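This report refers to the structure that appears directly beneath it.
The values are calculated or read from the model by the stated rules, or taken from the named source; none is laboratory data. Owing to the predicted nature of the structure, the values given are computational and were not obtained by experimental measurement. Methodologically, a virtual Cβ is constructed for each residue, glycine included, from the backbone with ideal geometry; neighbour enumeration extends over all protein chains shown. Note: accessible area is taken over every heavy atom of the protein model, side chains too, but ligands, DNA and RNA are not part of it. Shrake-Rupley method; radii C 1.70, N 1.55, O 1.52, S 1.80 Å.
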Amino acid sequence: ARSKIGNTVLATILDLVPNTQRKEIAESFTVNVSEDELLDACRNTVSHHTIQKMMEFPASSDILVPKLAPHLVSLVAHPTGQFVASSIVDSVTDGAAVLSAALFPGGFGDTEVL
């Protein structure tokens, strides 16, 4: 996960393969790493690029977002993890809603906008 060459190769592969293989890559990635390792990859200055690339494709983001959603508060606060959180907003359908739900679990209440 920390190999610059390995991450570059994987990001390139993600651009070239069909959605079924993107999904398989994301599933393998989440099955073969622990939750802590996934979060470490999001916070790593090299591997976060690969996680962001996976967010660009629904086939792989659909696998990763549920794993990352409970940790979005800590990712937003991390200097590198915030890029992964941002890619969820930018690339995932309803990504802003996913991030808002993580940051404001109780919602906004009945506040009025002035």
Taking the chain as a Gaussian network, where each spring joins two C-alpha atoms under 10 Å apart, which residue of Thr93, Thr30, Thr20 fluctuates the most? Thr20
Net charge near Arg22: determine it from the other residues with C-beta under 13 Å of the C-beta of Arg22, scoring Lys and Arg +1 and Asp and Glu -1. -3
Taking 7 Å along the Cα-to-C-beta vector as the label spot, tell me the Glu35-Asp90 distance in nanometres, rounded to one decimal. 2.8 nm
Over 26 Å [Cα-Cα, the chain], rounded percent: 17 percent
Once Leu16 and Leu103 are pulled to full extension, the length gained, defined as 0.36 nm per residue separation minus their Cα-Cα distance, is 27.9 nm
If one builds a Gaussian network model of the chain from Cα atoms under 10 Å apart, the most fluctuating residue listed among Asn32, Asn19, Asn44 is Asn32
At a 1.4 Å probe radius, carbon and sulfur cover how many percent of the accessible area of the chain? 57 percent
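Per residue, how much accessible area does the range 8-114 show when a 1.4 Å probe rolls over the protein heavy atoms, in square angstrom? The partial results should precede the final answer.
On the way: 6150 Å² over 107 residues.
It amounts to 58 Å² per residue over the range 8-114.
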Prolate/oblate/rounded call for the range 1-62, Cα gyration tensor, a/c under 1.5 rounded: oblate
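When ranked by the protection proxy of mean other Cβ atoms within 10 Å per residue, highest first, what sequence do the peptides 51-59, 99-107 form?
Result, highest mean Cβ count within 10 Å first: 51-59, 99-107.
Given the DSSP H assignment, sum -39500 (n - 2.57) over each helix run of at least 4 residues in the chain and divide by its residue total; what's the result at 222 nm in deg cm²/dmol, nearest 500? It would help to have the intermediate numbers written out before the result.
Details: 8 runs with 81 residues, N = 114.
Only helices count here, giving -21000 deg cm²/dmol.
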Global geometry of the range 69-108, whether rounded, prolate or oblate, following the gyration tensor of its Cα atoms and the 1.5 cut on a/c: oblate
Label-point gap, in nm, between Glu56 and Ala77 - each point 7 angstrom along Cα→Cβ: 3.1 nm
